[in-house]
Amino acid sequence: MPEITAAGSSAQAERVRIRRQEKQAFLGMKLVETICCLICAGLHIQGFLHYPEPFPHEMLFCGLYASYFLISFYSFVFLYKDCCALNYAVEAVVSGGAFLLFVVSAFVSMYHAEKDIHLQYLTDEEEWYHQFFIYCRLQSLGATITAQMFLVHCSLALDLAGLLDRWFGGLGGASARTSAVEEGLTVDAEACGRLQINPFWMPAVNEIRKRLPCDCAKPAASG
């Protein structure tokens with residue numbers, strides 16, 4: 001009986017540790033997405049305020065950048081405060097939709113540069129330094145980088161939900177799905193630990209927190 005209790009508590013502690021690592025990974029992605037959306041919104045506002053040749057004031061850009069900035073920011077706050085549990089399906093749908101919309105906005109930005117009446121009569125070298133083309137290029141680049149972040153977010157959510165394995169697990173054939181137990185091999189516990197989510201920014205964050213004067217902000221000692 002004590003062995004069963006110890007095994008149950010160990011399994012529970014392992015599940016808590018994995019959940020904490022997943023939360024850290026999603027928090028990091030949401031923070032980066034919030035910053036990227038804010039940069040895209042800033043570039044659009046700066047281009048729109050360029051009075052000699054302002055950037056087109058389209059609802060696609062304003063609504064997309066502002067809405068996903070708010071979505072990323074508030075979801076980061078809610079997840080950090082444990083106001084709601086992680087829902088992989090919702091994370092995948094929201095981030096997947098953001099990926100598609102930001103890709104579209106990147107192409108629309110360069111479409112405006114292609115159809116601009118002033119740029120049509122300039123050489124390639126002259127349009128490279130034209131202010132309108134610079135704003136279009138920067139906004140397209142920012143939207144593309146943000147779309148890539150949302151794609152990573154969507155892929156991680158689908159993977160943790162088990163959907164990627166369900167959809168594409170059969171591509172490798174039956175031999176690719178043979179487990180180590182079926183092959184009579186021993187599982188390398190150290191290798192399994194390395195394959196788990198390990199956010200790269202956590203060591204730096206922990207070092208910063210250790211140097212804070214407030215003891216409540218320091219990470220709890222393991223042990």
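The values are calculated or read from the model by the stated rules, or taken from the named source; none is laboratory data. Only a predicted model underlies this, so the values are computations on that prediction, with no experimental measurement involved. Methodologically, a virtual Cβ is constructed for each residue, glycine included, from the backbone with ideal geometry; neighbour enumeration extends over all protein chains shown. To get the accessible areas, we keep the full protein, side chains included, count just its heavy atoms, and leave off ligands, DNA and RNA. Shrake-Rupley method; radii C 1.70, N 1.55, O 1.52, S 1.80 Å.
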Of the residues in segment 74-101 that are in contact with a helix residue (DSSP H, G or I) (Cβ under 7 Å, 6 or more places away or on another chain) and not in a helix (DSSP H, G or I), the one that is surrounded by the most Cβ atoms within 10 Å (Cβ to Cβ) is L86
Just a yes or no: is a residue in segment 76-88 farther than 16 Å from G142 by Cα, aliphatic (A, V, I, L, M) and touching a residue at least 40 places away in the same chain (Cβ under 8 Å)? yes
The residue that is modelled with the lowest pLDDT, considering only those in segment 118-143 that are touching a His at 6+ places or on another chain (Cβ under 8 Å) and open to solvent by 70 Å² or more (accessible area, probe 1.4 Å), is H118
**Asked** If we scan segment 54-72, do we find a residue that is under 26 Å from H130 (Cα atoms), open to solvent by less than 50 Å² (accessible area, probe 1.4 Å) and outside any helix (DSSP H, G or I)?
**Response** yes
- request: Answer yes or no as to whether S105 is of a type outside the set (V, I, T) and closer than 16 Å to C136 by Cβ.
  value: yes
All conditions in (1) at pLDDT below 85; (2) under 24 Å from A157 (Cα atoms); (3) assigned to a helix (DSSP H, G or I) are true of E3 except (2)
